[in-house]
C-alpha cells in the first residue's frame, strides 16, 4: 500500500507540473506567468544573503528524512550494493521531481514581481483595463466611500 501511495504522489506531482508548463507555453497561465529561464539555475544570481539562507533552510526541510531509507539496509537482499544504488537512484529521482515541480510552479504562478509594480499599473485577471478606467467599489473609510461605484478608481480602493 505504501508503494502505491508513493507512486500516486509522484504521478500527481508530475501531472500538475506538466499541466502547469503546458498552460505556460500555450499562454493560458495568467498574468504572472513566465517561461522558464536558465538564470533561475545560476547559483551566483542570489538577491541577498537572506534569500540564500531562506533557500538553504527550505532545501534542508525538503530533504529531511530522505536518509532514513538507508537505516534499514540490513533488511535488504544484497547489503553491499542495494542501499548505495537505492540512495543514488532516489537522489536523482527526488532532484528531478523537485526541479520539475519548482520550475512549473515558478513558471505558472510567477516569482512575485507584481509586488514591485506600482498599484496604478496593475490589472486584475478578470479584466485587462487599467485601474483608472474601472470604477471604484470603495472600501470603508476611503474618500470615495460615500459614492461607492461612482468614482474612478485611484488605486487606493478595491477596483472592479
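The values are calculated or read from the model by the stated rules, or taken from the named source; none is laboratory data. Only a predicted model underlies this, so the values are computations on that prediction, with no experimental measurement involved. Don't worry about glycine lacking a Cβ; one is built from the backbone with ideal geometry, like all the others, and counts go over all protein chains shown.
Within region 88-102, is even one residue assigned to a loop (DSSP other than H, G, I, E, B), out of contact with any strand residue (DSSP E or B) (no Cβ under 7 Å at 6 or more places or on another chain) and either surrounded by 13 or more Cβ atoms within 10 Å (Cβ to Cβ) or at pLDDT 50 or above (or both)?
no
Hey, can you tell me all the residues within region 35-58 that are in contact with a helix residue (DSSP H, G or I) (Cβ under 6 Å, 6 or more places away or on another chain) and in contact (Cβ under 8 Å) with a residue 12 or more places away in the chain?
36
Exactly one condition in (1) surrounded by 12 or more Cβ atoms within 10 Å (Cβ to Cβ); (2) more than 19 Å from residue 94 (Cβ to Cβ); (3) modelled with pLDDT of 85 or more is not met by residue 27; state its number.
(1)
Evaluate region 10-31: report whether one residue or more is under 19 Å from the mean Cα position of the chain (by Cα), assigned by TED's automatic domain parsing to the domain that holds residue 110, outside any helix (DSSP H, G or I) and on the phi > 0 side of the Ramachandran plot.
Yes, the conditions are met somewhere in region 10-31.
Restricting attention to region 46-73, which residues are at pLDDT below 80, assigned to a loop (DSSP other than H, G, I, E, B) and more than 17 Å from residue 92 (Cα to Cα)?
none
Yes or no: residue 43 exposed (fewer than 11 other Cβ atoms within 10 Å of the Cβ) and outside any helix (DSSP H, G or I)?
Yes.
Could you list, in sequence order, the residues of region 69-87 that are surrounded by fewer than 12 Cβ atoms within 10 Å (Cβ to Cβ) and within 24 Å of residue 102 (Cα to Cα)?
Across region 69-87, there are no qualifying residues.
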